[in-house]
Structures are given as structure tokens and as C-alpha cells.
1. Residue check, Ala236 against (1) of a type outside the set (Phe, Trp, Tyr); (2) assigned to a loop (DSSP other than H, G, I, E, B); (3) under 30 Å from Glu66 (Cα atoms), all met but one. Which one?
2. Name the strands (runs of 3 or more DSSP E) wholly inside segment 368-424 in which the number of residues that are away from ligand 1 (no atom under 16 Å from the Cβ) is 3 or more.
3. Just to check your reading of the model, which residue among Glu260, Glu248, Glu195, Glu178 is modelled with pLDDT under 95, farther than 22 Å from Ser638 by Cα and of a type in the set (D, E, K, R)?
4. Looking at Pro175 and the list (1) without any contact (Cβ under 8 Å) to a residue 24 or more places away in the chain; (2) within 16 Å of ligand 1 (Cβ to nearest atom), which single condition is not satisfied?
5. Please state which of the following conditions Ser125 fails to meet, knowing it meets all the rest: (1) away from ligand 1 (no atom under 13 Å from the Cβ); (2) among the polar types (S, T, N, Q); (3) more than 19 Å from Leu245 (Cα to Cα).
6. In segment 138-154, is there at least one residue being among the small types (Gly, Ala, Ser), buried (at least 21 other Cβ atoms within 10 Å of the Cβ) and more than 15 Å from ligand 2 (Cβ to nearest atom)?
7. Please find, among Glu586, Glu553, Glu532, the residue that is out of contact with any Leu (no Cβ under 7 Å at 6 or more places or on another chain), modelled with pLDDT under 90 and either over 23 Å from Arg168 (Cβ atoms) or within 13 Å of ligand 1 (Cβ to nearest atom) (or both).
8. So if I check each of Arg300, Arg359, Arg382, Arg334, which one is modelled with pLDDT of 80 or more and within 28 Å of Arg472 (Cβ to Cβ)?
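The values are calculated or read from the model by the stated rules, or taken from the named source; none is laboratory data. None of the values given here were measured: they were computed from a predicted structure. Cβ placement follows ideal geometry from the backbone for every residue including glycine, while neighbour counts extend to all protein chains displayed.
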Amino acid sequence: MQHQEKVKTLAFKKVIRPFIKTRALFDKATGNPVETNLDVYRGVVSAVKFRDLRGLPDGELKARSEALIADSRSVPDVGDNGPANAPSPPHDRLIEAFALVREASRRVLRLDPFDAQLISGLAMSGGKIAELPTGEGKTLAAVFPAYFFALSGKGVHVLTFNDYLARRDAVWMGPIYEFLDLTVGCAREGAQAGEKRQAYGCDVTYATAKEAGFDFLRDGIASSVGDLVHRPFHVAIVDEADSILIDEARVPLIIAGVGERATWDARRLAGLIKMSGPGCDFETDAEHRNVFLTDKGAARLEAALDCGSLYDAKNQRLLEAVHCALHAEALLRRDVDYIVSESRIEIVDEFTGRVVDNRHWPDGLQAAVEAKEGLARKSEGRVLGSITLQHFFRLYPRLSGMTATARPAALEFKEFYGLNTVIVPPNRPSIRKDEPDRIYTHREAKRMAIADEIARVHSGRRPVLVGTASVRESEELTADLKGAGIACEVLNAKNDELEAKIIAGAGKPGAVTISTNMAGRGTDIKLGGEDERERDRVVALGGLYVIGTNRHESLRIDHQLRGRSGRQGDPGSTRFFISLEDDLFERYGLTSRLFKRHRLSRQGEAVENELVSRDIGHAQRVIEGQNFDIRRSLWKYSELVEMQRRIIQDWRRAMLSRDGRDGAPGPVAEKAPALFTAAAARFGKRKARELERRLTLVKINDAWSDHLAWVQDTRESIHLVSLGGKTPLGEFQRSATAEFLKIRPRVEEAVIAAFETRLGKNDSLDFDADEFKGPSSTWTYLVNEDQFGWGIEMLSGKNIGLAAGAALFAGPLYVFALLINKFSKKKARGAT
Ligand code: ADP
Ligand code: MG
């Protein structure tokens, strides 16, 4: 026995410790932004616990919170690192804040925060991403930093995964803030401006990231300061941070208003392209991610449209429209990529496999798909403003977040947001068992095996949760199970609340729940049902059994699914069933490679081959890495436009808050002083200035909207530039800058012209007239940029499918490439 102990210690000293050390070194060399050493945090946690406030009466606790709030607000300029001459040092304030929240939680929610929650709260207070497994209570953990940051009175946004969760969390956690004398609000989707303004005026505001972003865009076209709903941004704490900060990061939020842009006759093009055929007029690549017009196809279209060469400069817009029509016809599949419902196109989300509300493709592509399906063109209006979620988050001076799956995204958190990731172990260690994948050669075999497995497990009444990749797959599986006489719940409600209810019941004995991968994120699955009545019975059966029917492009989503089982130390197990014919492998051309490489032939049984599963895991990591590259390159495109947006916004904001008396002269007073003097003589100086101000706001809106339209067109067609031997990004930046520089003179000219026209009229000035207002009606939506496949084209012709396939056989090389990439970046930074 003693000897064994000795061997263990020796093994630790000689093998494990040096390994940990090299690992730390390796992490340092590769710039790994993950923190696993929690010593510092534990130190603060013990200080918090030492300040035990249990003995204080409620009133005194409140008084301490009030004192802390007053203390934090007493110094007018609370800098980011805390006030220089604060009455109490920031560190002490942090401990006091945590001790207060801890005690308030005990009293009003009857929840005694775990160390893991305190540590996560500390990590977030330090501006980091906290990884804490599902079901560990992240909602409560976020209250600590939210309270701490809200002390300053500048407003904290807690951004949730969906609107239902925003409402739930605000109501659930609200009593803690209120007990401690802070206000809390929820900016619900679709609420009126007044309600929104009040919600954002609270110390802590719960909202979805999208809604906060849309409100920001609405503020961007406001015609008076009183219409603004947001305060200047201060802190955002993002729940489900990997999904929102990374997967959704590229999604542009759009605000549009009435008005129409001329587009090509999409219906006519769709008809022409339908008549031609694949293989002859156009071709797609093997991975089905790109489509090309053949020479013959081009000639036929040119003849039919009588337009001369499609590749002439004058036909650029037409060529784009043709490209969109081809894309719609050849690459987008009805019922997979989109569905048609009530004569509308509804897009299916690539990550969740579910229909997403309020989402469009870029204009031209949307028109092309509508034309392909013979639907009437829905007016998209004019884009008045847009921002990607990623840029939106960067408007917050302080950002932090939490999720159960941060580690795999740590590099991206670092690169895009400069955030480190802190891994917090669960309060009770997980005893969940992740079984090895069952791999089948073909889809049918897998499908049968899944139905058999569910039937087998279900016969013992153990609850099963199945995560599928698409709505179609859910439906197939439901039919299979029905055939076998098994009733199941399927999540296809477009209602988050209903969905949360169904998911919450997934732990009941005998429950079979089928859901696309991400449905119900944020909802807790308790064993034995929501009331945990039959908990013991389910525990005895082994807890929740999670089946994944597909590996996802992102490992994180696989982890999320697994994490549904085994919460807070519960028993549970998970298993993935995959086939080599799954979309993931076919899309990247891996199916035939795997068959060949492992000399496989179709069989009904699972493939028992360690190497196959290793290759699959590896391919998944490679694909993930390449998606990262795509995001990075798309980022470069949007970065410039974002910079331009900020310049215009600053200009607009200055105009917005200018009053009638003082301040710098506006465009008319400056560029056409005689005109201004004439107006001042007629209306009075104040009114003349107001007229100038109003007109400038309207003209800035117009000019920015035109610019965005220009950017959109150029981006859609810029990949054609690479055919001419130029680099698309460079070309884009050059022309976008040139275009941007025209905005100011254009606005000034337009303002002067409008001013002159107004002066020519005899009637008196009425600032409530339409001409001075923004668009009469606006609406907001999201754009599915990536469906357009231009991520791939932008990697300057690199073919992702081939690259993934090649990398599958050159694993170490890939790692090497990552390192090189890293070092070359460092160098570049050093040089500037
Ligand atoms: P997560 O977001 O991490 O998945 P939630 O915030 O949804 O987790 O909380 C999961 C469950 O844990 C909830 O039912 C909540 O009541 C419970 N919970 C949270 N904190 C505590 C605590 N300190 N003690 C006991 N239960 C807790
Ligand atoms: Mg949660």
C-alpha cells in the first residue's frame, strides 16, 4: 500500500508535474488565453466568505448596499480602473459587493451561492469569459458582476440567448437587485420606445443582444435627443457567450425603412436559368459551396438578354444578379436551407437546424430565391443602418461573459474581443459518461440503429433526449419512433417559452424528447421532471441519456448537447451516432476519402475502428479551424465599414445634440454664409440653425443609406475582382475609402440645396413636417451573410473542402501551420 503511494508520488513528481509545466510553457508559447489556475480567485472567495453578513438584519444590509452605492457614485469621474481617490479601495469594494450579493441571494432567493459561482462572478468582474458547466447556476453567478458594475450607476446590460430568458432572468434575479437598492429592467422585444428607455435607464437591464443592437440602430436615426433609448454603453455581460459572441458574431443587424432599390428582374433570370441546366450552363464544385457559369451558359444568357458581354463593366450589376440566381438555383435547397411557408421564404439556421425568425439573405440573393420559388417580391426597403453583432459588442467599454463551452472558443474570444477565458470546475464533479461514438458506413444503418437504441433504453423508462441536426431529421426520427409505437415530444415550436417547458420535462421517466441541437439552450433539465418528484427513480435508471445523431461543424455544439445530461453531479450518459454519409462529411468531400482510406464497405453493423473515429474527430477540428479563418477574413471586410459608421455617427450625434444657440457653424453657415444670413433675417437665427440641423440629420441618413447600398453591391460583386488578378480585400478597401470620402461634401451640398429650396417657399417653418422627420416606418432584421458562401471565396480562392480533406492526412502539419501563423502575426505586430 505504502509502496503504491510512493509510486504515485514519484509518478506525479517525475511525469505529471513536468508535463503540467511543459503544458504551461506550451500554452504560453502558443498564447493560449485559457486560465485554469484559480488560486487568486479562491483567495478572494475566502475573503468574501470571511465577511459573513448573516447576522445583520435586512435593514442594515440594505443600508450597507446604499452606502456602497453612494461611495461608488461620490467620485464624479469613476475611471475604468476605479477612482483614484475613492473613499474605499476598489478591491475592498469588490469584496463588499460580493458579500452583499451572496447574503441577499440567501435571503430573497434561498440560494446559497457555490464557490464555483463566486469564482465565475469574479472572473466576469475582471472582464473575462467564465466557463461553468450547464446547470451550475450561471444566471445567479452573473448577478455578482452585474451588481458590482452597476454600483457606478452607468448601467449594466446582461445579454441573454433569447427574449424568454431575458424576461425569466430579470424576474428571477430582480429581487436581489431590488433588495440591495438597485433598479432592474427588461428591454423586451417589440416593446414601445418609452418602455425601452425606462428599462435601459435601470441600473441593470436584461435583454437579448439582438434587441439591444436593434435599439442602438434605431437610436442611430433618431431625430431628437429625447427619442434615444440607450444611455452610453458601459458594461455587457453576455450569457451563452460562445453562441452569441462567436457563432452569431458575423450576423449583421439591419434597420430598414420605406423606399426601394432597383434590382434586376429576378424572375426573368430565374426562368432563364431554370431552362438551362447543370453541367452544361453552370457547374458546382464537389462540396456544393460554389457555382460557376460555363462559357456556354454565359453565351446563352447573353443572347437571351441581349446585353453584350456579361463581363463588361457596364453589366456588373447584371452579373451579380446572375450569380445570385445561380446560387439560389444550384446551391440552396428547399426544406434544408430554407422552407417556404405562407408564401414567404424562411431561412433555416445552419447552427440550430431550425427556422429563424426575422432573417434574410443579402438583398440580391433573397430576391433570387423568391423568384426561384415563384413568390412575390417582398419589399426589403432601404437599409438605413447596420452593424454586425461583433462590432456592436465592441462598443461596450467592458465586456465579459459566461458559457458552458468556452474553452474551444478561447482563441477566438481572445482574438476578436481580447478576452481571456477562465475555466471553473463544477461545484460537484461531473460523473456523466460520454460513450464512444457509434460509427456506421451509411445513413440508413445509422437511422435504424438510433431507433433501436431509443427503443431499448425507453423500454426501461429511462429518459432520452435526442439532438438532431435539422428539422427534417427530427421528423424522420419521429416517424420511425411512431412506427415502433414510441411517443415522443418534438421541439418545433417557434416559441421559446413553450420550448423551454418541453425541454424542462425531458428528465421525466419514460420521456423521449427530440430537439435540434440548440433548442432550449438555457433551460435546466431536472431529473424526474420539473418538480423532481420522480428523481430517485430516474437516478436509479442512470439519469438522462443524450443521443446525438450528428457531429456538428463546431465541437462546442456537440459539447452543449452532451452537457444537457449530468447536471450538478447527476448521473447521465451521452453517445453520438454518426455515419460517413452525414452532411458534415459529404459537404467537405470526406465521405469517399474515409471509405477509401480505411478500406470500408457498406455494412449494417457499427464500424469498430479506433482510427476512423480519430480521423473524424480530427477532421472536425480542422473544419472548425477553417471556419475561424473565414470569420477572421470576413471581419476584415466589415472592419472598415464599421470605422466609417463610427465617424458618421459621431458627426450625426454632434448635430443631434446641438441646440439653437451656440456651437460650431453647420454646413450652411460655413459653406454658404449669405444663404444662412438670409434665413436668419427671415426666421431668426435660432430657427435658421434648427432648420440647418434638421436638414443635416436627414441628409446624413440618406447619404449613409446610399453608402451602405454601395457597400453591399460592391461586396457581392467583389469576388469577381480576383478574376482580374487583384486581391479582393485590397480592392474593396481602396474603393470603399474613396466612396466614403464623398459623403461629407455630398451631404453639405444636399443640405445647402434643401435649405435654399426651403427658403424659396413662402410658408412658415414647421419642424413637425414629414420632410424633417426620419422614415415614417422602419423595421429590423438580421442577414444571413454566410449562406452566400463568400466566406470561402474571400479566402482568395482557397477551397475549404479540399483543404479539410488534405489536412485530414496531415494533422501535425496543420498544428504547425497554426503556429507559423501565430508567429508571423506576432512579428507583424512587432514591426508596426
Ligand atoms: P446554467 O445557466 O449554468 O445552466 P441556471 O442558472 O439555469 O444554470 O441554474 C440551474 C439551476 O441551478 C436552477 O434550477 C437554479 O435554481 C439552481 N441553482 C443555481 N444556483 C444554486 C445554488 N447556489 N444552490 C442551489 N441551486 C442553485
Ligand atoms: Mg443558463
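1. (2)
2. 382-388
3. Glu260
4. Of the numbered conditions (1) without any contact (Cβ under 8 Å) to a residue 24 or more places away in the chain; (2) within 16 Å of ligand 1 (Cβ to nearest atom), the odd one out for Pro175 is (1).
5. (3)
6. yes
7. Criteria check complete, one pass: Glu586.
8. Residue meeting the stated conditions: Arg334.
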